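Only one structure is covered here, and it is reproduced in the block below.
Values in this text are rule-based calculations from the coordinates and carry no lab data. Only a predicted model underlies this, so the values are computations on that prediction, with no experimental measurement involved. Cβ placement follows ideal geometry from the backbone for every residue including glycine, while neighbour counts extend to all protein chains displayed.
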Ligand code: HEM
């Protein structure tokens, strides 16, 4: 985003990127949202309104993919492989996504009891010891999604630390490449190669000994002519790990923070755990784990009275759309019982989050446990420290004190 011209929105957006404002970018988003669409640089635009973001997420003239690298290995469509299907356009995106959906969705629908057992185990470690404190990120939010993905892939619990390590390293791929140092880019390449080397024997073993896990399912899904090849399979599994990890960590941490800042809502959830789905939807709207996504225009697009030329980048500020006063009543209020909550936290259109149902279960179970098992919970440090990342925004640590954790 380099340019010699001065674009006023770029200065405000610069403050959003500044880590000093990570704990509360919402006043900056409100400032940016005074105009529905703003130019950030010569070839970059920022869209902030719910209605426009919703339309653009569904617009086939916006592309999610980078230029093909002709030297890349070949995908199952016979063309150069372009990376995870999150970063591919139809039609090949749809083929890979359909295979993954067919294997992923039926497996996660029955997972609530296992997730409840995992959350219970993680809190049991602190139970019955009287007053104390723990870090919700390290003790609950972080281990939960890793445990869930290992369960889905049929990976034994002793492998969880390995997954933990890969999740942390591979997630850097979601950061804008300009924000990475050369050493970090090099480590990402090493991590990708190590991930493939780690998975290959596991995939071969499932070939020989077919189980009822997700890897085994993907190996035999659908028409052999369309089936993902080895590099697509390893990349899809890596994507499930990274797309499902830090996002869910943020959901649990942001949710705990919102509840402990709004103790009346915490009390209502404690009294009525059936409120959990509404609480999770409101956390997703109020403080979304993924704050922004980006696309590239493949044709000229007119939106909110401005003309975006073909080839330009378009940033969609999901977190601003979630606080759009034209769409939400009292947008800055944390209000689980709000009458309508069509938030943008899971995106929309062909790339709508594939793991939304799983994330919802994990969030509901974790936040209900926080509300019902911690006696007199309170924040030790408010605001908590935040990780550097702007896109996947969430606390790096969230210390909570309590009188007891009940069994
Ligand atoms: C609260 C947790 C989560 C949030 C807020 C979230 C958010 C999102 C968003 C905004 C997108 C669309 C990105 C775009 O259009 O550029 C997306 C896509 C995706 N998410 Fe999630 N996600 C969450 C959890 C998960 C989980 C648990 C998984 C799987 C284990 C997952 C897997 C995916 C995949 C595979 C895609 C790409 C879909 C496609 O391109 O067709 N996500 N997610």
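What residue, of 298, 256, 236, is farther than 25 Å from residue 22 by Cβ, within 16 Å of the ligand (Cβ to nearest atom), under 21 Å from the mean Cα position of the chain (by Cα) and touching a residue at least 40 places away in the same chain (Cβ under 8 Å)?
236
Looking only at the stretch 213-242, which residues are in a loop (DSSP other than H, G, I, E, B) and either more than 18 Å from residue 73 (Cα to Cα) or in contact with a strand residue (DSSP E or B) (Cβ under 8 Å, 6 or more places away or on another chain) (or both)?
213, 221, 222, 223, 224, 229
Is the stretch 308-319 home to any residue that is part of a helix (DSSP H, G or I) and within 13 Å of the ligand (Cβ to nearest atom)? Reasoning before the result, please.
Let us first name the residues in the stretch 308-319 that are part of a helix (DSSP H, G or I), namely 318-319.
Still in the list and also within 13 Å of the ligand (Cβ to nearest atom): 318-319.
Yes: the stretch 308-319 contains one or more residues that are part of a helix (DSSP H, G or I) and within 13 Å of the ligand (Cβ to nearest atom).
Mind listing whichever residues of the stretch 1-48 are touching a residue at least 12 places away in the same chain (Cβ under 8 Å), assigned to a loop (DSSP other than H, G, I, E, B) and within 28 Å of residue 395 (Cβ to Cβ)?
Across the stretch 1-48, the qualifying residues are 1, 22, 23, 24, 25, 33, 48.
Given the criteria surrounded by fewer than 18 Cβ atoms within 10 Å (Cβ to Cβ) and in contact with a helix residue (DSSP H, G or I) (Cβ under 6 Å, 6 or more places away or on another chain), does residue 392 qualify? Lay out the reasoning, then the answer.
Working: surrounded by fewer than 18 Cβ atoms within 10 Å (Cβ to Cβ): no; in contact with a helix residue (DSSP H, G or I) (Cβ under 6 Å, 6 or more places away or on another chain): yes.
For residue 392, the condition - surrounded by fewer than 18 Cβ atoms within 10 Å (Cβ to Cβ) and in contact with a helix residue (DSSP H, G or I) (Cβ under 6 Å, 6 or more places away or on another chain) - is not met.
Name the single residue that is farthest from the chain's Cα centre (by Cα) among those in the stretch 370-389 being part of a helix (DSSP H, G or I) and buried (at least 20 other Cβ atoms within 10 Å of the Cβ).
Looking at residues that are part of a helix (DSSP H, G or I) and buried (at least 20 other Cβ atoms within 10 Å of the Cβ), I get 373.
Note down all Cβ pairs under 7 Å where the first residue falls in the stretch 330-355 and is under 16 Å from residue 278 (Cβ atoms), the second is more than 16 Å from the ligand (Cβ to nearest atom) and assigned to a loop (DSSP other than H, G, I, E, B), and they're at least six residues apart or on different chains.
Sorted first by the residue in the stretch 330-355, then by its partner, the pairs are 334/262; 338/329.
Please specify each residue of the stretch 66-102 satisfying the condition of being in contact with a strand residue (DSSP E or B) (Cβ under 8 Å, 6 or more places away or on another chain), away from the ligand (no atom under 12 Å from the Cβ) and assigned to a loop (DSSP other than H, G, I, E, B).
Step one: of the stretch 66-102, the residues in contact with a strand residue (DSSP E or B) (Cβ under 8 Å, 6 or more places away or on another chain) are 68-74, 80-81, 89.
Adding the requirement that they be away from the ligand (no atom under 12 Å from the Cβ) leaves 68-74, 80-81.
68, 69, 70, 71, 72, 73, 81 - these are the residues of the stretch 66-102 that are in contact with a strand residue (DSSP E or B) (Cβ under 8 Å, 6 or more places away or on another chain), away from the ligand (no atom under 12 Å from the Cβ) and assigned to a loop (DSSP other than H, G, I, E, B).
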